[in-house]
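I have placed the structure first, in the form of structure tokens, so that the comments after it can refer back to it.
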Amino acid sequence: MSGVIRNKIRTLRFLHGEMSQAELGQRIGLTRQTVAAIEAGKYAPSLEAAFRIADVFGVPLAEVFEWDATATV
């Protein structure tokens with residue numbers, strides 16, 4: 001099965017006062033390293049973490065994450 005989860009976390013962090021990965025991690029209960037891995041597309045967040053990230057930015061989940069079924073890893 002192919003497909004890739006893309007995200008706009010870096011853009012959203014920039015638009016929200018240049019929030020650091022560490023600050024985002026602190027607000028959602030994850031480490032900076034985990035946030036960095038999610039942001040880089042190297043790690044897929046749990047559904048709960050994905051909703052928490054969207055909540056921090058005040059946007060719907062679909063504005064943060066996107067499934068690209070045609071892409072391969």
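Worth a mention:
- Single residue of A62, A54 found to be part of a helix (DSSP H, G or I) and either polar (S, T, N, Q) or in contact with a helix residue (DSSP H, G or I) (Cβ under 7 Å, 6 or more places away or on another chain) (or both): A54
- Some residue of the stretch 56-70 being of a type in the set (S, T, Y) and either touching a strand residue (DSSP E or B) at 6+ places or on another chain (Cβ under 9 Å) or touching a residue at least 60 places away in the same chain (Cβ under 8 Å) (or both): yes
- Subset of the stretch 1-26 (residues that are in contact with a Ser or Thr (Cβ under 9 Å, 6 or more places away or on another chain), among the aliphatic types (A, V, I, L, M) and within 24 Å of A71 (Cβ to Cβ)): V4
- Some residue of the stretch 11-21 being buried (at least 16 other Cβ atoms within 10 Å of the Cβ), assigned to a helix (DSSP H, G or I) and basic (K, R): yes
- Considering only residues in the stretch 28-38 that are over 14 Å from F57 (Cβ atoms) and among the aliphatic types (A, V, I, L, M), the one that is surrounded by the fewest Cβ atoms within 10 Å (Cβ to Cβ) turns out to be A37.
- From G41, G25, residue being under 11 Å from the mean Cα position of the chain (by Cα), free of Cβ contacts under 8 Å to residues at least 40 places away in the same chain, surrounded by 12 or more Cβ atoms within 10 Å (Cβ to Cβ) and at positive phi: G41
Every read-out reported here was derived from the displayed coordinates using simple, explicitly stated rules and does not represent laboratory data. In this text the structure is predicted, and so the values were computed from the model without any measurement. We place every Cβ from the backbone using ideal geometry, glycine too, and count neighbours over all the protein chains shown.
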